[in-house]
Amino acid sequence: MAGGPLLGGYLGSFSWRYPFFGTATLMALALIVSLAFLREPEGKEQATPADMIMALKNPPVLVNALIGLCYSFGFFTILAYSPLTLPDLSATALGVTFFAWGALVAISSVFVVNWLTSRFDASKVLFADVLGMALVLAAAGFAEGQAELLLPVIVISGIFCGIANAMFTTFAIQVSPFTRSVSSGAYNFLRWSGAAIAPVLAGYLKDAYSPGVPFFVGAVVVFVGAVGLFGGGSFLLNAINRNAAEHVSAD
């Protein structure tokens, strides 16, 4: 996520076509490596789309996925919409900005989140992170497309995105009594629904009102997710503890 924007920005400084050719080349290399080295695992889990949809009837799975939907709405408002508010920024400058953003996503999703969860309750860490993401989106709205104000906000949002990405994925597996593939599929189905809505709605709001309005709407949606975590954090942790206890007893 960090290297892609940097390479894309560099190639885009020559022509808007080149980042697509660069991505196609990398995907071709990934295909070759996959064909050469990937093998089906033994004891492969069997899961159908119907299993994943049915898993959403489980209250902890549904609550976690709905909160993840709210967060993903804000995530994609930053990722997919914010570049459109900076039409005067060069491809290289935009690439460097999202390189810094992606680097913070990577660092926070591995190092920062582990440091925080080793010292504080996981649900409280996630609540504070999602609330911080809402504040960052509000700050982006006040920036109103001014590059000198918006670019630092975009970069800083990478910290909150990295922590949330790691923790929501972990929660999706731990709150669920189902297999890993079913749990992940159910969560991602609902989560990416929020991500899909955000760019379309952001474009409409920008055209109808102003460049800052989509960020404010994103802040409100993410804040709703924070409220859900505040009220349902202990509910999710109880589900995690219950599933862990059942797993131990089964062993």
Handout entry: Principal axes of the range 110-251: Cα extent on each, largest first, Å
Key = 57, 30, 25
Exercise for the section: Could you provide, to the nearest whole Å², the per residue accessible area of the range 1-145 with probe 1.4 Å? Expected result: 57 Å²
Completion exercise
Per the rule of 0.36 nm per residue minus the C-alpha distance, extending Glu144 to Phe14 adds in nm 44.0 nm
Problem - Nearest-ten-degree value, helix 122-143 long axis tilted from longest Cα axis of the chain - result: 20 degrees
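How big is the C-alpha Rg of the range 1-46 next to the rule-of-thumb value 2.2 N^0.38 Å, as a ratio? Don't jump to the answer; show the numbers that get you there.
Working: Rg = 15.5 Å, N = 46, 2.2 N^0.38 = 9.4 Å.
That ratio works out to 1.64.
When the helices in the chain are scored as -39500 (n - 2.57) per DSSP H run of 4 or longer and the sum is shared across all residues, what 222 nm value do you end up with, to the nearest 500 deg cm²/dmol?
Helix-only estimate at 222 nm: -26500 deg cm²/dmol.
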Problem - Inter-site label distance for Phe21 and Lys124 at 7 Å from Cα along Cβ, in nm - result: 5.5 nm
Fill in the blank from the handout: Carbon plus sulfur, as percent of the 1.4 Å-probe accessible area of the chain, comes to 71 percent
Problem - Stretch gain in nm, segment Ala36-Ser90, where the contour uses 0.36 nm per residue and the Cα spacing is subtracted - result: 15.6 nm
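Would you please calculate the Kirkwood hydrodynamic radius of the range 111-191 over all C-alpha pairs and express it in Å, rounded to one decimal? Could you put the intermediate results ahead of the total?
Numbers: mean 1/r = 0.0707 Å⁻¹.
By the Kirkwood definition, the hydrodynamic radius is 14.1 Å.
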Practice task
Any chance you could check the Cα centroid distance between the range 102-133 and the range 161-196 for me, in angstrom?
Solution key: 16 Å
Problem - Cα-based convex hull, the range 22-87, per residue volume (Å³, whole number) - result: 150 Å³
Practice task
Taking the Cα atoms of the range 50-100, report the difference between the largest and smallest coordinate on each principal axis, in whole Å and largest first.
Solution key: 47, 18, 16
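To one decimal place, what orientation-averaged projected area in nm² is obtained for the convex hull of the Cα set of the range 166-237?
On the way: hull surface 21.8 nm².
For the range 166-237, averaging the hull's shadow over all directions gives 5.5 nm².
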Practice task
Calculate how large, on average over all directions, the projected area of the Cα convex hull of the range 95-153 is; give the answer in nm² to one decimal.
Solution key: 4.4 nm²
Completion exercise
Debye calc, one equal point scatterer per Cα of the range 12-121, no solvent, log10 I(q)/I(0) at q = 0.10 1/Å comes to -0.59
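The values are calculated or read from the model by the stated rules, or taken from the named source; none is laboratory data. Predicted, not measured: the structure shown is a model, and the values here were computed from it. Here Cβ is always computed from backbone atoms with ideal geometry, including for glycine, and neighbour counts include all displayed protein chains. Ligands, DNA and RNA are stripped out before the accessible areas are found, and what is left, the full protein with its side chains, is counted by its heavy atoms. Shrake-Rupley method; radii C 1.70, N 1.55, O 1.52, S 1.80 Å.
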